[in-house]
Structures are given as C-alpha cells and as structure tokens.
Amino acid sequence: MPSATEELHAAAETRRELGPHYDEAVLLSLAERLERRPRPSTPGREAVTLVIALGSIGLGVLVATAAHPLGELGATMATIVAWICIVVINVVHARGR
C-alpha cells in the first residue's frame, strides 16, 4: 500500500498531466483513497475497547444476578434484554472503529 506522501505525489502528477479542468475529480479520487486507508491503532482507543468489553461482561453478570428475584420468566427476560443491549453497544462501538 503506498504511503500518504506517495498518494499525494501521484495525485499532483495526475493533475499536471490532465490539467486544471480535472482538479475536482483528482481531489475526490485522492480523498476517497485516503479515507479507505486503515487508521493506526492508538493506546487510548484500545483502552476504551477493553473497558467496554469488560464492562459489558460485568454488566451482564450484574443484571443476571439482580434479576434473580423476578422469578424464572422475569429473570430470563431481563437477562435476554440486557444481553441484547450489550451486543448492540459492542457492535456500534466496533463499527465506529
């Protein structure tokens, strides 16, 4: 995968070859290629992911424990709803990365 600098040099060379009438197309193409590049992982982002994952597990266990007095059906339903919410939160976080 070419570096961002190489992408910029290639876009500049393409612009020189095609002329100023194609500036917008060249820039849109460059922006699209740069947006598709994977973002480098940062320690802060990894820490947030770890906290969300461990917090989700802890929350699921707490809800299951707290739902015990609701009876068999009530506890089962509360636990299912809690885990569905946990899955949604984790999927949204994963897609945002």
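Each reported figure results from applying straightforward, stated rules to the coordinates on display, with no laboratory input. Here the structure is a predicted model, which means the values were calculated and not measured. Please note: Cβ atoms are built from the backbone with ideal geometry, for glycine as well, and neighbour counts cover all protein chains shown.
Before moving on, here are some points about what is shown:
- Mean separation of Cα contacts under 8 Å, 6 or more apart, over the residue count of the chain: relative contact order %: 18
- The residue among ALA78, MET1, ALA11 whose Cα reaches farthest toward the positive pole of the charge dipole of the chain, with charges on the beta-carbon of Lys, Arg, Asp and Glu, is ALA78.
- The 3J(HN,Hα) values that the Karplus relation (6.51, -1.76, 1.60; θ = phi - 60°) gives for segment 87-94 are, in residue order, 4, 4, 4, 5, 5, 4, 5, 5 Hz. Gly and Pro appear as x.
- Overall, the chain carries a charge dipole of about 240 debye about its Cα centre when +1 sits on the Cβ of Lys and Arg and -1 on the Cβ of Asp and Glu, all other atoms neutral.
- Which label in (1) 12, 18, 18, 18, 11, 11, 7, 3, 1; (2) 17, 51, 29, 3; (3) 13, 25, 17, 15, 13, 10, 5, 1 gives the computed P(r) over Cα pairs in 10 Å bins from 0, in percent: (3)
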